[in-house]
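A short write-up of the structure that comes next.
Values quoted throughout were computed directly from the atomic coordinates according to the rules given, and no laboratory measurement underlies them. Since this is a predicted model, take the numbers as computed values, not measurements. Methodologically, a virtual Cβ is constructed for each residue, glycine included, from the backbone with ideal geometry; neighbour enumeration extends over all protein chains shown.
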Amino acid sequence: MHASQGGRFEGKTALVTGGAAGIGLAVANGFFEQGARVVIVDIRGAEEAARKLDASGSRVRGVTADVTVDSQVEEAVSKATQIFGSVDILVNNAGIATSITPRPFEEIGTEEWLRVYDVNVMGIFRFCRAVLKPMKAVGGGRIVNIGSAAAFKGVPLLLHYVSSKGAVLAMTRSLAKELAQYNILVNCVAPGFTISPAVLENEGQMSQSRTISLQGRAIARDQYPEDLVGAVLFLASNEASFMTGQTLVVDGGTYLH
Ligand SMILES: NC(=O)c1ccc[n+]([C@@H]2O[C@H](COP(=O)([O-])OP(=O)(O)OC[C@H]3O[C@@H](n4cnc5c(N)ncnc54)[C@H](O)[C@@H]3O)[C@@H](O)[C@H]2O)c1
């Protein structure tokens, strides 16, 4: 992969959680190609993914951290600021999604429910809390949360997942109201069913969700991680400097609002 010289994110540092694979990796690559310094945070594969994007390590670095552990989140943000001097953009993308087996809600165990919330909801809470100080120190920042179009559609058999993404939309709105005074803008991108590499490994999800998604889409083709990059970068850019608390649904025209 290559980096263009210059670009609209030159001088900015973007931290992407869950950036070692799928949508997060595509987004990390997008920021890199448009001139940003990038910190890929992931529970696995962060350093390797960073090296693949930028072998020199001068503009992309990987940090291994689990978004469910307070101290690891704090440490990841402090490493990012040590390496690149600031965190200007946070993309909260890490999530439990592709590994979930659809099942009736009454069969979802409490432990599995809490785990989904710990990653998908609390992980965002922890990262927003950790970047607050460094963002204030540089006079503001951008937060882009990755929600899901499923929260609008009311998808069955994934109640823990869908409701966790409902919480992401609500957090986006409340945080936007709370943080605008610091020039920190908070928005959300809600993808439709996206064929990230991990989805291909989950045959149950692949066969069920793919067919249903294709049937409901105005743009009748599969959605890939690269389809999300433009919307995330837009919300992190100067072009979106009067937008906060918004959710952009990027699903090929399935859920219309
Ligand atoms: N793929 C889809 O159909 C789809 C649809 C709507 C929304 N989303 C959302 O997009 C985001 C990315 O999804 P994806 O399809 O690229 O999934 P993925 O499974 O390919 O990637 C998720 C990444 O998050 C990382 N991660 C998981 N738990 C973590 C933890 N505790 N700490 C740190 N990192 C952790 C994983 O290692 C992985 O690299 C998720 O928030 C997901 O809910 C995905």
Local net charge near residue 129, Cβ-Cβ under 10 Å (Lys/Arg +1, Asp/Glu -1): 0
Between helix 226-236 and the chain, what is the angle of the helix's C-alpha long axis to the longest principal axis, kept within 0 to 90° and rounded to the nearest 10? 50 degrees
Helix-only mean residue ellipticity at 222 nm, the chain, DSSP H runs n ≥ 4 weighted -39,500 (n - 2.57), per residue, nearest 500. What is it? -13500 deg cm²/dmol
Taking the alpha-carbon distance from residue 136 and a cut-off under 14 Å, which aspartates and glutamates remain once sequence neighbours fewer than 8 residues away in the same chain are dropped? 88, 178
Trypsin sites (Lys or Arg not before Pro) restricted to region 192-221 and DSSP loop, no more than 10 other C-beta within 10 Å: 221
Take the chain, mark every one of the GluC sites (Glu not before Pro) that falls in a DSSP loop and has at most 15 other Cβ within 10 Å, then report the longest stretch left between them, sites excluded. 11-200
Residue 177 to residue 255: FRET efficiency via 1/(1 + (r/R0)^6), r the Cβ-Cβ distance, R0 41 Å, to the nearest 0.05? 0.95
Burial ordering of 188, 128, fewest other beta-carbon atoms within 10 Å first: 128, 188
Filter the trypsin sites (Lys or Arg not before Pro) in region 4-56 to those in DSSP coil with at most 13 other Cβ atoms within 10 Å of their Cβ, and list the result. 44
If you find the alpha carbon centre of region 1-77 and of region 189-204, how far apart are they in angstrom? 21 Å
By how many degrees, between 0 and 90 and to the nearest 10, does the Cα long axis of helix 203-216 differ from the longest principal axis of the chain? 90 degrees
Please report, in debye to the nearest 20, how large the charge dipole of region 150-242 is about its Cα centre when each Lys and Arg carries +1 at its beta carbon and each Asp and Glu carries -1 there. 320 debye
Roughly how many nanometres apart are two label points built 7 Å out from the Cα toward the Cβ at residue 99 and residue 58? 3.7 nm
Can you list the chymotrypsin sites (Phe, Trp or Tyr not before Pro) in region 190-257 that are in a DSSP coil and have 12 or fewer other beta carbons within 10 angstrom? 242
Work out how far the C-alpha atoms of region 13-249 reach from end to end along every principal axis, then list the three figures in whole Å, largest first. 46, 39, 37
Mind listing the phi-derived Karplus ³J(HN,Hα) values for region 245-257, rounded to whole Hz, using 6.51, -1.76 and 1.60 with θ = phi - 60°, and x for any glycine or proline? x, 9, 10, 9, 8, 10, 9, x, x, 9, 8, 10, 8
For the chain, set up a Gaussian network in which alpha carbons nearer than 10 Å are linked by springs, and say which option among 86, 56, 209 fluctuates the most. 56
What dipole magnitude, in Debye to the nearest 20, does region 59-190 give about its Cα centre under +1 on Lys/Arg Cβ and -1 on Asp/Glu Cβ? 580 debye
0 to 90° range, to nearest 10: angle between helix 22-33 axis and the chain longest Cα axis: 30 degrees
Which residues does a label at residue 44 reach in region 74-114, if reach means a backbone N under 14 Å from a point 7 Å past the Cα toward the Cβ? 95-100
